[in-house]
Amino acid sequence: MGRNLVILGIWATGMGAWAWWKYVRIDDNLSLPGVETHAANRKPPAPGVDVTWKWTSESTWLVDQVARDIAEISLFASNPKASAEDLASLEVKVESVSNSDTSYLVSASANRAKKDKCSTTLPLGHHLWAPENFVPWAQAVQKGWKITHQKGKPSNPPAASGLELAKKLLEPTSTVLMGESNRLSKELNQAPLDAGLHDQSALLAGALALREAAGAFSDARPALCRMTAHLALAKCLAPQSTPERELAEAILLTLACRQVDALERIEKFPPELAAWQTASSSAIPATGAWWKSPARSPCWNVGSMPGR
């Protein structure tokens, strides 16, 4: 009797496995039972639906984000009274012109705003988020669209305001961050090509990124792209560096996992940024551990992917 039960169990197990394999299993195409999966019988995408990714690589996407931010700010600066439809007509195109994603052809046009197409080639001579990489693009857009530089209010010098911002951000509470964000938004609406305001905006974005504590869900790339755009515009408008620009660039290097470069910048901070010197130095090991990368990490170098 026991032997018969063993034989019956083995047979039932075999039949069950065969039935699962034949009728129930989900193949590599995640098809349901009874659905034909042969490529010849699959329906093509609906007409007009693009199922491909817009960018050929992650690096191309990141360059696009920075170039788009610069073009959008410059387009608004060319005509602050332009309608939302005119601003939405902006088209930015980024194409890699090298196999290693170290050089890009960037172009932008805004037909509704009557802005002719401007383009330039960007060789990434530094790490991907280095503002120096995108200064030629900012210059090309402003020259192509004939945008004149604007000055900030004489009663509110950018350098003094920037140092005041650095002091406030030593306690980056939500109230402080929102208050400064609203202030900078209003001032940039009045003077979108004020170098000091762009330095401060980059600093604010960096402070927000440093404050983020979402664990495995944290992503510094959006903040890095925005910081790079602001700093590239600031360098284009006013090449001479300022204390708040030095601080923003040090934060950018920290977030980009370039710890050695960040420490070199931090050591050169002026006396008025002594508190930030201490805070920035203590933030670098935590950032390196977060990305699991050694000093001078290659994880954000041109053409490479993040090593998380």
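The values are calculated or read from the model by the stated rules, or taken from the named source; none is laboratory data. Here the structure is a predicted model, which means the values were calculated and not measured. Here the Cβ is made from the backbone with ideal geometry for all residues, glycine too, and neighbour counts use every protein chain on show.
Brief remarks follow.
- Looking only at the range 200-235, and only at residues there that are over 17 Å from the mean Cα position of the chain (by Cα) and buried (at least 18 other Cβ atoms within 10 Å of the Cβ), the one that is nearest to Ser78 (Cα to Cα): Ala234
- Across the range 200-216, the number of residues qualifying as in a helix (DSSP H, G or I) and either out of contact with any His (no Cβ under 8 Å at 6 or more places or on another chain) or farther than 18 Å from Gly179 by Cβ (or both) comes to 11.
- Residue pairs whose Cβ atoms lie under 6 Å apart, separated by 6 or more positions or on different chains, with the first residue in the range 80-95 and within 30 Å of Leu124 (Cβ to Cβ) and touching a residue at least 24 places away in the same chain (Cβ under 8 Å) and the second of a type outside the set (A, V, I, L, M) and crowded, with 16+ Cβ neighbours inside 10 Å, are Val92/Arg68; Val94/Thr60; Val94/Asp64; Val94/Tyr104.
- Taking the range 236-275 as the range and being part of a helix (DSSP H, G or I) and either in the same structural domain as Val63 (by TED's automatic domain parsing) or among the basic types (Lys, Arg) (or both) as the test, the residues that pass are Arg245, Arg265.
- The sole residue among Leu233, Leu165 that is within 19 Å of Ala71 (Cβ to Cβ) and part of a helix (DSSP H, G or I) is Leu233.
- Among the candidates Leu90, Leu124, Leu105, the residue that is among the aliphatic types (A, V, I, L, M) and surrounded by fewer than 16 Cβ atoms within 10 Å (Cβ to Cβ) is uniquely Leu105.
- Subset of the range 170-196 [in a loop (DSSP other than H, G, I, E, B) and of a type in the set (A, V, I, L, M)]: Leu170, Ala191, Leu193
- For the range 245-260, filtering for residues that are out of contact with any Ser or Thr (no Cβ under 8 Å at 6 or more places or on another chain) and at pLDDT below 90 leaves 1.
- The single residue among Thr52, Thr121, Thr56, Thr60 that is in a helix (DSSP H, G or I), over 23 Å from Asn189 (Cβ atoms) and among the polar types (S, T, N, Q) turns out to be Thr60.
- Test: residue in the range 16-29 that is modelled with pLDDT of 65 or more, loosely packed, with under 10 Cβ neighbours inside 10 Å and out of contact with any Phe, Trp or Tyr (no Cβ under 9 Å at 6 or more places or on another chain): no
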